[in-house]
Amino acid sequence: MSNVVYLISGPNLDELGTREPAIYGATTLQQHVERFREGARRVGLGVTHVQSNFEGDLVEAIHQARLDDALAIVINAASLTHYSWSLRDALANFGGIKIEVHLSNPLAREDFRHVSTLAAVVDGSIAGFRELSYDLALAAVVARRDASASSATDPA
Ligand code: DQA
């Protein structure tokens, strides 16, 4: 198991900063990634970030995380969250920690956002805390990592 977290960002997240700031805030994707990377560095983790507006690129990023034996995937699949069975299936075949993250709270928004194809195959979902959502996702990764490390060393 490597110490790398794959941070995966879906369609339109490259426009954060100018994209509907009343909903998503004014922070750019690059700023979110830098903050996540710095937080990860402090707990001994590296970050590989992939953003794409194309579903297949995101599927391949998940495959790559598996091939790299990554510790975790933190994924904001953006609108693909609500209809991508390909991302769901790719995540199902990744054995590490999986956290779904959203800046806004999709359940408090339009009906089409109330479904997540990913929810059933991830460890958990964090939504609605804007930039803090990424901090909380990282905290969840670390908590899961530490829990499995201590259960591995528990006397039988
Ligand atoms: C989002 C929520 C999705 O419904 C939306 O399509 C996005 C961003 C979020 O982070 O709040 O693009 O994933």
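Could you give the C-alpha radius of gyration of the chain expressed as a fraction of 2.2 N^0.38 Å, taking N as the number of residues it contains?
In units of the 2.2 N^0.38 Å rule of thumb, it is 1.00.
Add +1 for every Lys or Arg and -1 for every Asp or Glu among the other residues with Cβ under 14 Å from the Cβ of Gly17, and state the total.
-2
Once phi is turned into θ = phi - 60°, what whole-Hz ³J(HN,Hα) does the Karplus curve with 6.51, -1.76 and 1.60 give for every residue of the range 110-127, x standing for Gly and Pro?
Calculated HN-Hα couplings, in order: 4, 4, 5, 8, 7, 9, 10, 6, 8, 4, 6, 10, 9, 5, x, 10, 10, 8 Hz.
Given Cα pairs under 8 Å that are at least 6 residues apart, what percent is the relative contact order of the range 3-156?
25 percent
Accessible area of the chain with a 1.4 Å probe: how many percent of it is carbon plus sulfur?
C and S fraction of accessible area: 52 percent.
Report the local net charge at Val121: Lys and Arg +1, Asp and Glu -1, summed over other residues whose C-beta lies under 12 Å from its C-beta.
-1
What does the helix-only formula give at 222 nm for the chain: each DSSP H stretch with n ≥ 4 adding -39500 (n - 2.57), the total divided by the residues, and the result rounded to the nearest 500 deg cm²/dmol?
So the calculated ellipticity at 222 nm is -12500 deg cm²/dmol.
Given C-alpha coordinates of the range 1-90, what is the ratio Rg to Rh with the Kirkwood estimate of Rh?
Result for the range 1-90 is an Rg/Rh of 0.98.
What is the sum of charges around Thr27, taking Lys and Arg as +1, Asp and Glu as -1, for the other residues whose C-beta is under 15 Å from the C-beta of Thr27?
Its environment carries a net charge of -3.
The values are calculated or read from the model by the stated rules, or taken from the named source; none is laboratory data. These figures come from a predicted structure and were not determined experimentally. Don't worry about glycine lacking a Cβ; one is built from the backbone with ideal geometry, like all the others, and counts go over all protein chains shown. We work out accessible area using only protein heavy atoms, side chains counted, and drop any ligands, DNA or RNA first. Shrake-Rupley method; radii C 1.70, N 1.55, O 1.52, S 1.80 Å.
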